[in-house]
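Chemist: Pasting a structure here, questions to come.
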Amino acid sequence: MPSHTQHSFPEEIMSYEAYLDEASRLIKGNGNWSGITAESVARMRLQNRFRTGLDIARYTASIMRRDMAAYDKDPGKYTQSLGCWHGFIAQQKVISLKKHFGSTERRYLYLSGWMVAALRSEFGPLPDQSMHEKTSVPALVEELYTFLRQADARELGTLFREIDKARSAGDRAREQQLTQAVNNHQTHVIPIIADIDAGFGNAEATYLLAKKMIEAGACALQIENQVSDEKQCGHQDGKVTVPHEEFVAKIRACRYAFLELGVDDGIIVARTDSLGAGLTKQIAFSASEGDIGDQYNSFLDCEDVTDQKPSNGDVLITRGSRVLRPKRLRSNLYQFREGTGADRCVLDCINAIRNGADLLWIETEKPHVEQIAGMMDRIRDVIPDAKLVYNNSPSFNWTLNFRQQIFDAWQKDGKDVSGFDRARLMSEEYDGSELAREADERIRTFQRDASKRAGIFHHLITLPTYHTAALSTDNLAKEYFGDQGMLGYVANVQRKEIRQGIACVKHQNMAGSDIGDDHKDYFAGEAALKAGGEHNTMNQFAA
């Protein structure tokens, strides 16, 4: 892997006291700033730690670099993310991380091009074929971070209110404890790996879009080796790859975008779809036998050229002394030989890392540790610290895949599998069986096992919140519009929110009402007309 300059890991922010001192000096130097208090300024600055998207990109890139270095020392320290299609979803995910685990360490967000296409395009729902507006991608990056920054402001605002209560009560110890909590506050701003698809055009188009995404806060860009105008979802048929030089040009375009904007630690994730892509739009240019273009062409499905007259439009290539005709389809595409996908993936990955990529992504058709490891072993024989980002995709039927893997392993070991129908292993009738329990355990430990065995640094699920939104809405609609009526909402949503301590049960607070009230205090003092008085119904959730 290419060596980078010394990485700047996350810097320490100023303390509450330091912000107070700084604001006090500033206000004293401007005598006509009546009504401006140092404490209010200090609080607002702490609540707005990140001024620009570039601040966020630099900060989060340093986090990812630190995590990559930690993984190299201990593959048990892999990272994870969930795909988010709205800022609120991202916000609630990070709030939940802090609530349940006390930390966001080694947890990221994933911005899925599939979900942008399906949920955020002005055309309405679209397939994952790069038909959505490219500007919707950086806009979503900015939206995600807007909501995460608001979560910071909300959480710190709660601490500031508690400080004021302790101060009013004369509880100096409590005030100091809360001030220390402010100083130790962990931001909700975490890294985003953002999907730039195949670059939405040529290398220049890739560069321009990359800049917009980085300026919005993206520290990691994931780019794939499909053609831009024929791009397909990685789990659908009809994928068409490009020669290595075209892909490398786009990797370089992303790197130049990072460097131009001063995000020197920016991360490029090079994705190969070659495992399931049997087509190419171009025959690669080759200057000499064995170069990268010749290696790409070596996988083409060809036939020997005889003495017969070539057909109009024929393209011929040579392999040693042989003259060959690549098989061209009516679509004007060329096909690769069957069974070459894994070899092409390995070549893609090695070439991508040698030309500036930081992480790899191999799109597979099933979640199988040994399949992934088989390719990564070959890559790591050449580049020992190569690391993979892996899509734990909802496009896989995880239950069926792992039950079939256990079935096949048992059958190979001579264990009796006569009580199971391999084609019907998804059936509920098998749920309580030993086979199902073993499969579920393999699913549970899949990320841990694959990270240790197959070099997977980052595990993500592309579309989880798309599916959870559909499932929860279906359950609510069934109950609310059915016999349960309002109880369908109260028992299955609100009551659970209250008892599980879900922050957004106080939805006015989550939307920023209390932050607004604090600002009214700063701006208007005793004349402020605030929303959070005793008649605010959110007080019913105080307990």
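The values are calculated or read from the model by the stated rules, or taken from the named source; none is laboratory data. All values derive from a computational prediction rather than experimental measurement. Because the Cβ atoms are built from the backbone with ideal geometry, glycine has one as well, and the counts that use them run over all protein chains shown.
Chemist: Restricting attention to region 61-108, which residues are within 13 Å of the chain's Cα centre (by Cα) and of a type in the set (D, E, K, R)?
Modeler: Across region 61-108, the qualifying residues are 93, 106, 107.
Chemist: So is residue 153 in contact with a strand residue (DSSP E or B) (Cβ under 7 Å, 6 or more places away or on another chain), part of a helix (DSSP H, G or I) and among the small types (Gly, Ala, Ser) or not? First the steps, then the outcome.
Modeler: Details: in contact with a strand residue (DSSP E or B) (Cβ under 7 Å, 6 or more places away or on another chain): no; part of a helix (DSSP H, G or I): yes; among the small types (Gly, Ala, Ser): yes.
Considered against the rule, which asks whether it is in contact with a strand residue (DSSP E or B) (Cβ under 7 Å, 6 or more places away or on another chain), part of a helix (DSSP H, G or I) and among the small types (Gly, Ala, Ser), residue 153 comes out as no.
Chemist: Also: Across region 71-105, what is the number of residues that are within 15 Å of residue 388 (Cα to Cα) and in contact (Cβ under 8 Å) with a residue 12 or more places away in the chain?
Modeler: Result for region 71-105: 9.
Chemist: While we're on this one: Does residue 505 qualify as being at pLDDT below 95, touching a Leu at 6+ places or on another chain (Cβ under 9 Å) and aliphatic (A, V, I, L, M)?
Modeler: On the way: at pLDDT below 95: yes; touching a Leu at 6+ places or on another chain (Cβ under 9 Å): no; aliphatic (A, V, I, L, M): yes.
No, not satisfied.
Chemist: When region 279-296 is examined, which residues are found to be buried (at least 23 other Cβ atoms within 10 Å of the Cβ) and touching a strand residue (DSSP E or B) at 6+ places or on another chain (Cβ under 7 Å)? Before the answer, list the steps.
Modeler: The initial filter retains those residues of region 279-296 that are buried (at least 23 other Cβ atoms within 10 Å of the Cβ), namely 280, 296.
Within region 279-296, 280 is the sole residue that qualifies.
Chemist: When you scan region 522-533, do you find a residue that is hydroxyl-bearing (Ser, Thr, Tyr) and free of Cβ contacts under 8 Å to residues at least 40 places away in the same chain, even just one? If you could, list the steps in order and put the result at the bottom.
Modeler: First, pick out the residues of region 522-533 that are hydroxyl-bearing (Ser, Thr, Tyr): 522.
Within this subset, residues satisfying the condition of being free of Cβ contacts under 8 Å to residues at least 40 places away in the same chain are none.
Checking region 522-533: not a single residue is hydroxyl-bearing (Ser, Thr, Tyr) and free of Cβ contacts under 8 Å to residues at least 40 places away in the same chain.
Chemist: Here's a follow-up. Kindly provide the set of residues from region 160-182 that are polar (S, T, N, Q) and exposed (fewer than 15 other Cβ atoms within 10 Å of the Cβ), ordered by number.
Modeler: First pass over region 160-182, keeping only residues polar (S, T, N, Q): 168, 176-177, 179-180.
Scanning region 160-182 gives 168, 176, 177, 180.
Chemist: Now, a different point. Give region 55-74 a look and list any residue that's in a helix (DSSP H, G or I) and more than 15 Å from residue 193 (Cα to Cα), or say none. Explain how you work it out, then say what you get.
Modeler: The initial filter retains those residues of region 55-74 that are in a helix (DSSP H, G or I), namely 55-73.
Of everything in region 55-74, those that are in a helix (DSSP H, G or I) and more than 15 Å from residue 193 (Cα to Cα) turn out to be 55, 66, 69, 70, 71, 72, 73.
Chemist: Please list, ordered by residue number, the helices (runs of 4 or more DSSP H) wholly in region 490-542 having 1 or more residues that are over 31 Å from the mean Cα position of the chain (by Cα). Reasoning before the result, please.
Modeler: Working: elements: 495-500, 507-510, 513-524.
Qualifying helices (runs of 4 or more DSSP H): 495-500, 513-524.
Chemist: From the residues in region 227-255 that are more than 16 Å from residue 346 (Cα to Cα) and of a type in the set (S, T, N, Q), which one is modelled with the highest pLDDT?
Modeler: My answer is 228.
Chemist: Check whether at least one residue in region 55-71 is farther than 22 Å from residue 147 by Cβ and in contact with a Gly (Cβ under 8 Å, 6 or more places away or on another chain), and report yes or no.
Modeler: No, region 55-71 has no match at all.
Chemist: Let me ask something else about it. Scan region 136-144 and give yes if some residue there is hydroxyl-bearing (Ser, Thr, Tyr), surrounded by fewer than 20 Cβ atoms within 10 Å (Cβ to Cβ) and under 26 Å from residue 532 (Cα atoms), otherwise no. Spell out the reasoning first.
Modeler: Restricting attention to region 136-144, the residues satisfying the condition of being hydroxyl-bearing (Ser, Thr, Tyr) are 136.
If we keep only those that are surrounded by fewer than 20 Cβ atoms within 10 Å (Cβ to Cβ) as well, we get 136.
This time we only want the ones that are under 26 Å from residue 532 (Cα atoms), so: none.
Scanning region 136-144, I find no residue that is hydroxyl-bearing (Ser, Thr, Tyr), surrounded by fewer than 20 Cβ atoms within 10 Å (Cβ to Cβ) and under 26 Å from residue 532 (Cα atoms), so the answer is no.
Chemist: If you don't mind, there's one more thing I want to ask. Only one of these is touching a helix residue (DSSP H, G or I) at 6+ places or on another chain (Cβ under 6 Å) and assigned to a helix (DSSP H, G or I): 249, 270, 284. Name it.
Modeler: On the way: 270 fails: assigned to a helix (DSSP H, G or I); 284 fails: assigned to a helix (DSSP H, G or I).
Unique residue meeting the criteria: 249.
Chemist: Looking only at residues in region 109-133 that are in a loop (DSSP other than H, G, I, E, B) and hydroxyl-bearing (Ser, Thr, Tyr), which one is nearest to the chain's Cα centre (by Cα)? Even if it seems obvious, please write down each step before you answer.
Modeler: Going residue by residue through region 109-133, those that are in a loop (DSSP other than H, G, I, E, B) are 112, 120-133.
Next, from what is left, pick out any that are hydroxyl-bearing (Ser, Thr, Tyr): 112, 121, 130.
Numbers: 112: 7, 121: 19, 130: 18 Å.
Here the residue is 112.
Chemist: Another question, if that's okay. Is it the case that residue 316 is among the hydrophobic types (A, V, I, L, M, F, W, C), crowded, with 17+ Cβ neighbours inside 10 Å and either in contact (Cβ under 8 Å) with a residue 12 or more places away in the chain or over 19 Å from residue 227 (Cα atoms) (or both)? Break it down stepwise before answering.
Modeler: On the way: among the hydrophobic types (A, V, I, L, M, F, W, C): yes; crowded, with 17+ Cβ neighbours inside 10 Å: no; either in contact (Cβ under 8 Å) with a residue 12 or more places away in the chain or over 19 Å from residue 227 (Cα atoms) (or both): yes.
Considered against the rule, which asks whether it is among the hydrophobic types (A, V, I, L, M, F, W, C), crowded, with 17+ Cβ neighbours inside 10 Å and either in contact (Cβ under 8 Å) with a residue 12 or more places away in the chain or over 19 Å from residue 227 (Cα atoms) (or both), residue 316 comes out as no.
The rows are residues; the columns are (1) closer than 20 Å to residue 355 by Cβ; (2) out of contact with any Ser or Thr (no Cβ under 7 Å at 6 or more places or on another chain).
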site: 228; (1), (2): yes, no
site: 270; (1), (2): yes, yes
site: 281; (1), (2): no, yes
site: 291; (1), (2): yes, yes
site: 302; (1), (2): no, yes
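Chemist: Looking at 389, 417 in this structure, which one is surrounded by 14 or more Cβ atoms within 10 Å (Cβ to Cβ), out of contact with any Pro (no Cβ under 6 Å at 6 or more places or on another chain), over 29 Å from residue 78 (Cα atoms) and modelled with pLDDT of 95 or more?
Modeler: Numbers: 389 fails: over 29 Å from residue 78 (Cα atoms).
Answer to the selection: 417.
Chemist: What is the residue count in region 396-414 for residues that are under 28 Å from the mean Cα position of the chain (by Cα) and either surrounded by fewer than 17 Cβ atoms within 10 Å (Cβ to Cβ) or among the β-branched types (Val, Ile, Thr) (or both)?
Modeler: Summing the residues that are under 28 Å from the mean Cα position of the chain (by Cα) and either surrounded by fewer than 17 Cβ atoms within 10 Å (Cβ to Cβ) or among the β-branched types (Val, Ile, Thr) (or both) in region 396-414 gives 2.
Chemist: Could you list all residues from region 252-267 that are within 19 Å of residue 361 (Cα to Cα), under 20 Å from the mean Cα position of the chain (by Cα), not charged (D, E, K, R) and not in a loop (DSSP other than H, G, I, E, B)?
Modeler: 254, 267
Chemist: Would you pick out the residues in region 425-439 that are part of a helix (DSSP H, G or I) and out of contact with any helix residue (DSSP H, G or I) (no Cβ under 8 Å at 6 or more places or on another chain)? Please lay out each step first, then the result.
Modeler: Keep residues of region 425-439 that are part of a helix (DSSP H, G or I), which gives 428-430, 434-439.
428, 429, 434, 437 - these are the residues of region 425-439 that are part of a helix (DSSP H, G or I) and out of contact with any helix residue (DSSP H, G or I) (no Cβ under 8 Å at 6 or more places or on another chain).
Chemist: While we're on this one: Identify, from the list 59, 78, the residue that is farther than 30 Å from residue 24 by Cβ, buried (at least 17 other Cβ atoms within 10 Å of the Cβ) and not hydrophobic (A, V, I, L, M, F, W, C). Even if it seems obvious, please write down each step before you answer.
Modeler: Details: 59 fails: farther than 30 Å from residue 24 by Cβ.
Going through 59, 78 in turn, just one is farther than 30 Å from residue 24 by Cβ, buried (at least 17 other Cβ atoms within 10 Å of the Cβ) and not hydrophobic (A, V, I, L, M, F, W, C): 78.
Chemist: With (1) within 20 Å of residue 395 (Cα to Cα); (2) outside any helix (DSSP H, G or I) as the list, and residue 442 as the residue in question, which single condition is left unmet?
Modeler: That leaves (2) as the condition not met.
Chemist: Here is a list of conditions, (1) at pLDDT 95 or above; (2) not in a helix (DSSP H, G or I), and residue 179 meets all of them except one; can you say which number that is?
Modeler: (2)
Chemist: Check region 189-204 and report whether any residue there is in a helix (DSSP H, G or I) and crowded, with 22+ Cβ neighbours inside 10 Å.
Modeler: Initial filter on region 189-204 (in a helix (DSSP H, G or I)): 203-204.
Now restrict to residues that are crowded, with 22+ Cβ neighbours inside 10 Å: none.
No, every residue in region 189-204 fails to be in a helix (DSSP H, G or I) and crowded, with 22+ Cβ neighbours inside 10 Å.
Chemist: OK, next. Scan region 19-67 for residues that are aliphatic (A, V, I, L, M) and closer than 30 Å to residue 458 by Cβ and jot them down. Can you show your working first?
Modeler: Taking region 19-67 as the starting set, the residues that turn out to be aliphatic (A, V, I, L, M) are 20, 23, 26-27, 36, 38, 41-42, 44, 46, 54, 56-57, 61, 63-64.
Matches in region 19-67: 54, 56, 57, 61, 63, 64.
Chemist: Next question, about the same structure. Please verify whether residue 472 is among the hydroxyl-bearing types (Ser, Thr, Tyr), buried (at least 16 other Cβ atoms within 10 Å of the Cβ) and part of a helix (DSSP H, G or I), treating the condition exactly as stated. Working first, answer last.
Modeler: On the way: among the hydroxyl-bearing types (Ser, Thr, Tyr): yes; buried (at least 16 other Cβ atoms within 10 Å of the Cβ): no; part of a helix (DSSP H, G or I): yes.
When the stated conditions are applied, residue 472 does not pass them.
Chemist: Would you confirm whether or not region 210-220 contains a residue that is more than 30 Å from residue 239 (Cβ to Cβ), in contact with a Gly (Cβ under 9 Å, 6 or more places away or on another chain) and assigned to a helix (DSSP H, G or I)?
Modeler: yes
Chemist: Got at least one residue in region 341-358 being closer than 23 Å to residue 446 by Cα and in contact with an Asp or Glu (Cβ under 7 Å, 6 or more places away or on another chain)?
Modeler: Within region 341-358, none of the residues are closer than 23 Å to residue 446 by Cα and in contact with an Asp or Glu (Cβ under 7 Å, 6 or more places away or on another chain).
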